[in-house]
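Take a look at the structure set out below.
The values are calculated or read from the model by the stated rules, or taken from the named source; none is laboratory data. In this text, all values refer to a predicted model and were calculated from it rather than measured experimentally. Counting neighbours? That spans all protein chains shown, and the Cβs are built from the backbone with ideal geometry, glycine included.
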Amino acid sequence: MSGYPSSLYAYRLSALNDVSEKLLFFDLKPGANAMGASYTANRLSLVDARHFERAAFGFLDGHAKCMSPKQTEQPKNLWLP
């Protein structure tokens with residue numbers, strides 16, 4: 001159960017496959033409001049690719065990786081469960 005009952009995407013971690021390929025955190029643009037940010041509403045507009053056109057992304061399994069924002073959508077969308 002989620003702490004945000006109105007959330008479109010509230011899942012138990014055990015219900016998800018490939019947690020090493022699901023995003024949880026990312027470099028947010030300065031001044032952006034993180035509360036309420038979602039991929040479905042904002043797409044890649046809040047991702048700050050400040051590291052040589054790449055951003056740091058944290059995954060559900062705990063690992064992190066530097067990637068271009070486009071790599072998070074293609075060939076596989078890493079944002080959606």
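Among the residues of region 34-63, the ones that are surrounded by fewer than 12 Cβ atoms within 10 Å (Cβ to Cβ) and not in a loop (DSSP other than H, G, I, E, B) come to 2 in all. In region 65-79, the qualifying residues are those that are surrounded by 12 or more Cβ atoms within 10 Å (Cβ to Cβ) and not polar (S, T, N, Q), and the one that is modelled with the lowest pLDDT is 79. For region 1-33, a residue qualifies if it is in a strand (DSSP E or B) and modelled with pLDDT under 75, but none of them does.
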